[in-house]
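Each remark here refers to the structure printed beneath this line.
The values are calculated or read from the model by the stated rules, or taken from the named source; none is laboratory data. Just so it is clear, the structure is predicted and the values come from calculations on it, not from any experiment. All Cβ positions, glycine included, derive from the backbone under ideal geometry; neighbour counts span all protein chains shown.
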Amino acid sequence: MNRRMMMTSGLAAAAIGFGPLRVGAATGSFEVMRSDADWRSRLTPQQYEVMRNEGTERAGSSPLDKNYAAGTYHCRGCDLPLYPSKTKFDSGTGWPSFWKPLKGAVGTMPDNTLFSKRTEVHCRRCGSHLGHVFDDGPAPTGKRHCLNGVSLKFVAA
């Protein structure tokens, strides 16, 4: 498949209802706002790609996936506490997974990219992309917040 054919196919899919092809961190006004240059200076290239361009780290690459120490997971972009370790579980996906965030810590929005309907989760304070929320998690919420480890910092209790 050549480049023109791929672009035409992607545009056609968007036009017939798969939704807009959205790239970038959550848009809007946030408590922590930084210029693109400032974000790039604070983050590694991989962190920037995931947090500001909604990229995804390779499954199994984050040491936070197998971390079960007591503490809190914070946003790497603004240090907001996001998830307590008591809500972390091994989802078997290769990404850190949680069944519930701290109250008021994250925002969500529809993500209709990649020809699927998902729910994107981002930091409510700086808009950085964290990952996605799925409805196949454990009780009591039934949710699986499947997150990119590069978007998080672990702070031990």
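For this structure, a couple of remarks:
- Residue count for the range 23-52, restricted to those that are modelled with pLDDT of 95 or more and either under 12 Å from Val150 (Cβ atoms) or touching a Gly at 6+ places or on another chain (Cβ under 6 Å) (or both): 10
- Options Arg58, Arg76: the member that is crowded, with 16+ Cβ neighbours inside 10 Å, under 28 Å from Asp36 (Cβ atoms) and charged (D, E, K, R): Arg76
- Within the range 28-41, tally of residues that are loosely packed, with under 14 Cβ neighbours inside 10 Å and over 21 Å from Met109 (Cβ atoms): 4
- Of all residues in the range 25-46, those satisfying the criterion of being over 13 Å from Cys123 (Cβ atoms) and not in a loop (DSSP other than H, G, I, E, B) are Asp36, Ala37, Asp38, Arg40, Ser41, Arg42, Pro45, Gln46.
- Residues located in the range 119-157, provided they are crowded, with 21+ Cβ neighbours inside 10 Å and of a type in the set (S, T, N, Q): Ser128, Asn148, Ser151
- Criterion applied to Arg118, Arg144 was being more than 14 Å from Thr87 (Cα to Cα) and either touching a helix residue (DSSP H, G or I) at 6+ places or on another chain (Cβ under 8 Å) or not polar (S, T, N, Q) (or both), and the one residue passing it is Arg118.
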